[in-house]
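Report on the structure given below.
Values in this text are rule-based calculations from the coordinates and carry no lab data. These numbers come from a predicted model, not from an experiment. As a convention, Cβ positions derive from the backbone with ideal geometry for all residues, glycine included, and neighbour counts pool all protein chains shown.
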Amino acid sequence: MKILQDECVPWPMHRLLIGPECRTAQQCGWGGIKDGRLLQRAENEFGLSITSDSNLRYPQNLAGRKIAILELSNNKLRRIETAVDTLRASAQSINPGEFRQLEIP
């Protein structure tokens, strides 16, 4: 599954996701595109979007989406690194169209 990292997630996080292709919004030329418009572009090419933008959870942005969304509660790389096993498990088990919040201690 291809993964899109939102620009609010630290770029080096892609090293933690072993196996799947992971690209940032900036690498795709989508820097600055927000919420629903970003997801609309991404769902034709990606299976999962990882973000720490808590505004995405509102239903008007997620209704009818095919792309899975994993919302991290924290965007600090060191904290994400301590939860790497949980992050990997969530990325592997999330279903298309599912929204899941991942608590990063």
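Computed quantities for the displayed model
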quantity: Most fluctuating residue given options T86, T51, T24, as computed from a GNM of the chain linking Cα atoms under 10 Å; calculated: T86
quantity: Where labels lie 7 Å past Cα in the beta-carbon direction, separation of V84 and K34 in nm; calculated: 3.4 nm
quantity: Net charge contributed by nearby residues that have their C-beta within less than 9 Å of I3 (K/R +1, D/E -1); calculated: +1
quantity: Derived scalar couplings ³J(HN,Hα) [the stretch 28-42; Karplus, 6.51 cos²θ - 1.76 cosθ + 1.60; whole Hz; x for Gly, Pro]; calculated: 7, x, 10, x, x, 7, 9, 5, x, 5, 5, 5, 4, 5, 6
quantity: Magnitude of the charge dipole, the chain, Cβ model with Lys/Arg +1 and Asp/Glu -1, debye to 20; calculated: 80 debye
quantity: Per-residue HN-Hα couplings for the stretch 69-75 [Karplus 6.51, -1.76, 1.60; θ = phi - 60°; Hz; x = Gly/Pro]; calculated: 10, 10, 9, 7, 6, 8, 10
quantity: For the chain, built as a Gaussian network whose Cα springs stay under 10 Å, the top-fluctuating residue of E43, E71, E21; calculated: E21
quantity: Folded to 0 to 90 degrees: helix 84-93 orientation relative to the chain principal axis, Cα; calculated: 40 degrees
quantity: Distant-in-sequence amide H partners of C8 (H built 1.01 Å from N, under 5 Å); calculated: S52
quantity: Sites N55 and R100 - FRET efficiency at Förster radius 22 Å, r taken between beta-carbons, to 0.05; calculated: 0.85
quantity: Semi-axis lengths, Å, the stretch 3-102, gyration tensor of Cα atoms, sqrt of 5 times eigenvalues; calculated: 19, 15, 13
quantity: Placed amide H near L102: partners under 5 Å, 5+ positions off or other chain; calculated: E71, L72, S73
quantity: Relative contact order [Cα under 8 Å, 6+ residues apart], the chain, whole percent; calculated: 28 percent
quantity: Residues with amide H under 5 Å from that of T24, placed H, sequence gap 5 or more; calculated: Q5
quantity: Most fluctuating residue given options N75, N95, N55, as computed from a GNM of the chain linking Cα atoms under 10 Å; calculated: N55
quantity: Under Karplus coefficients 6.51, -1.76 and 1.60, residue-wise ³J(HN,Hα) of the stretch 5-12 in Hz, glycine/proline x; calculated: 8, 5, 5, 8, 9, x, 3, x
